Amino acid sequence: MFLSDSTIKEYISKGKIKIEGEYEIEPIGISLHLHDELLIPKPYQTVDSKNPKEIEYIKYNLTQAPYVLKPNEFVLGSTKEIINTDKDIITIIDGRSTYARVGMSIHISAMILDGLPFNHERSVLEIKNSGLFNIFLHPSEKVGTYLFSTLSDSISGDKESVYKDQKSVSPPKFE
């Protein structure tokens, strides 16, 4: 069951959902905004998870100028929001329909953020333009929504992550 705005407000006041900074509660979630830095992969590198090497990126600061995401381009970004939840809540990222209608997705792989009950972090966004338009990306722009759902019981134990408590956009780590 997904949490409504009134339950989200209650959980924030009880500390079950923690958010750093300003936030905007929607009817079924919390607005998700783009932070101010992107990682743009340098083209034509090889990725081999069995023989990993560091992937090279160009850092782009959105506060200097908007970024133009071209058709078929892929970049990494992160959320402005830093969140954490109790172990009986799962968090899901939902992209914004307006951007989907021009071909942009913001979270390509795992929709459930399984590290949030264990970490206090920004969520990394895998941003892809599958459309035919140039799309301007601006800092603090609303690009999606955090959705919350309760589990039948709290998660037992802890989870170690190579992305623990990330405070900015992080590249992949094959380990």
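At a glance:
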quantity	calculated
Sorted largest first, extent of the chain alpha carbons per principal axis (Å)	46, 37, 26
CD proxy at 222 nm, helix term only [per DSSP H run n ≥ 4: -39500 (n - 2.57); per residue of the chain; nearest 500]	-2000 deg cm²/dmol
Nearest-ten-degree value, helix 5-14 long axis tilted from longest Cα axis of the chain	80
Extended-chain gain in nm, criterion 0.36 nm per residue less alpha-carbon gap, Ser140 and Asp5	46.5 nm
Order of Leu3, Leu151 - criterion: other Cβ atoms within 10 Å of each residue's Cβ, fewest first	Leu151, Leu3
Beta bridges per DSSP with both ends in the chain, % antiparallel, nearest 5	100
Mean separation of Cα contacts under 8 Å, 6 or more apart, over the residue count of the chain: relative contact order %	31
Förster radius 30 Å - calculated FRET efficiency between Tyr57 and Arg101 (Cβ-Cβ, nearest 0.05)	0.60
Charge dipole magnitude, Cβ of K and R +1, D and E -1 - the chain, Cα centre, debye nearest 20	380
Cα-Cα over 18 Å, subset of Lys59/Lys80; Lys9/Lys142; Lys18/Lys87; Lys42/Lys70; Lys18/Lys80; Lys42/Lys128	Lys9/Lys142
Proxy reagent accessibility, fewest Cβ within 10 Å first, across Met1, Met104	Met1, Met104
Proxy reagent accessibility, fewest Cβ within 10 Å first, across Glu141, Glu22	Glu22, Glu141
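Throughout, read-outs are computed from the coordinates displayed, never taken from laboratory work. Computed from a prediction, not measured in an experiment: that's the story for all the values here. As a convention, Cβ positions derive from the backbone with ideal geometry for all residues, glycine included, and neighbour counts pool all protein chains shown.
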